[in-house]
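Encoded as structure tokens, the structure appears first; notes follow it.
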Amino acid sequence: MSKPDLPIDEIYDLLRHHFADATPPQQLSEWEESQAFRSTANRGKLVIRINRDTAGFEKDRFAFQHFAGARLPIPEVFAIGRTTTGLGYCISKQLPGTTLQDTPPTALTRLRLQTSFVLRMIATSDINAISGCGPFDGSGTASFPSWHAYLLHRLEQFNAALELDTSRIRRSIARGAIGGARWFQNWCPDARQLIHGDFGSNNVLARRKRITGVIDWESAMIGDCLYDLSNIGFWSTELACMAAQW
């Protein structure tokens, strides 16, 4: 999905529609699929994001409403809507701090205990408002009856994609990996815990020695919280900020 390119004057109009005293938007480091700008209004510092869909924004609002607290800082969502051309937008509170990816290596080391604590807060969150397992939507509905059922579904997706690969060697290696994953799946706990789905890097904010924000809940799921740890481990060979957490 290509990133939208909404003109800045239209973004300013959206801000002033909800906050008459909003200041002109200033561009932020952007997500892969979203435009992102900051502004200030009577509600404080704001972030406005533009995407082609609102599904991820709805999950951000759900996460704030059900999981946010002093020990798990999630930005408040003030408004979600669509432009006249059908693009989705979200206006939320801007939390202090910089992303882990932009944090100096020496500071990352001091944040290890904090990131571990926040991961525990995510995993032990009250999920009574969510039904099912696997990815859930903005209403808190997940479509799989168990974590095992979701894992099996993902394996079937990988298998289907594998059949389209033209390389016999890659198909052979991948089939072996899928076979091992099927065996390992039987030993995975059939857990029901909150999973962020993309914890770390650009989705965690820090200031001094503490975590100040956990953002972008688009990939959130219900299942085994070890998924978040596995994601950190997967990226630890590519990103210094992930290696510091690992």
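Throughout, read-outs are computed from the coordinates displayed, never taken from laboratory work. These figures come from a predicted structure and were not determined experimentally. All Cβ positions, glycine included, derive from the backbone under ideal geometry; neighbour counts span all protein chains shown.
Here are the numbers for the structure shown:
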read-out: Residues whose placed amide H lies under 5 Å from that of residue 136, excluding near-sequence neighbours; value: 222
read-out: Integer Hz, Karplus 6.51/-1.76/1.60 couplings in order for segment 237-246, x for Gly and Pro; value: 7, 10, 10, 4, 5, 6, 4, 5, 6, 6
read-out: Cα gyration tensor shape of segment 1-73, rounded if a/c is under 1.5, else prolate or oblate by comparing a/b with b/c; value: oblate
read-out: Percent RCO, i.e. relative contact order, over the chain, from Cα pairs under 8 Å lying at least 6 residues apart; value: 20 percent
read-out: Segment 122-133 - phi-based ³J(HN,Hα) in whole Hz, Karplus 6.51/-1.76/1.60, Gly and Pro as x; value: 5, 5, 9, 5, 6, 10, 4, 7, 10, 9, x, 10
read-out: Fraction of the pair-distance distribution of segment 1-142 above 26 Å, Cα-Cα pairs, percent; value: 33 percent
read-out: Under 17 Å from residue 45, Cα to Cα: lysines that are on another chain or at least 8 residues apart; value: 93
read-out: Sequence ranges 8-21, 201-214, ranked by mean other-Cβ count within 10 angstrom, highest first; value: 201-214, 8-21
read-out: Assigned charges on the beta-carbon of Lys, Arg, Asp, Glu; segment 1-142 dipole about Cα centre (debye); value: 560 debye
read-out: Over the chain - Rg/Rh using Cα atoms and the Kirkwood inverse-distance radius; value: 1.00
read-out: Environment charge at residue 60 (Cβ cut-off 13 Å; Lys +1, Arg +1, Asp -1, Glu -1); value: -3
read-out: Partner lysines for residue 3 [C-alpha distance under 20 Å; skip if fewer than 8 residues away on the same chain]; value: 59
read-out: Chain lengthening between residue 29 and residue 210 when straightened (0.36 nm per residue, less Cα-Cα); value: 63.0 nm
read-out: Separation between Cα centres of segment 1-59 and segment 113-130, rounded to whole Å; value: 28 Å
read-out: Per-residue HN-Hα couplings for segment 48-57 [Karplus 6.51, -1.76, 1.60; θ = phi - 60°; Hz; x = Gly/Pro]; value: 10, 10, 10, 9, 7, 9, 10, 4, x, 5
read-out: Spin-label pair residue 114/residue 53, simplified geometry with 7 Å Cα→Cβ offset, distance in nm; value: 3.3 nm
read-out: Anisotropy class of segment 2-42 from Cα gyration tensor, a/c 1.5 cut; value: prolate
read-out: Using a Förster distance of 45 Å, the FRET efficiency for residue 102-residue 146 (Cβ separation, nearest 0.05); value: 0.75
read-out: Estimated [θ] at 222 nm from DSSP helical runs (n ≥ 4, -39500 (n - 2.57)) normalised by residues in the chain, nearest 500; value: -11500 deg cm²/dmol
read-out: Amide hydrogen neighbours beyond the local backbone of residue 212, cut-off 5 Å, H modeled; value: 205, 206, 207
read-out: Label point distance in nm, residue 13-residue 42, each placed 7 Å from Cα along Cα→Cβ; value: 2.4 nm
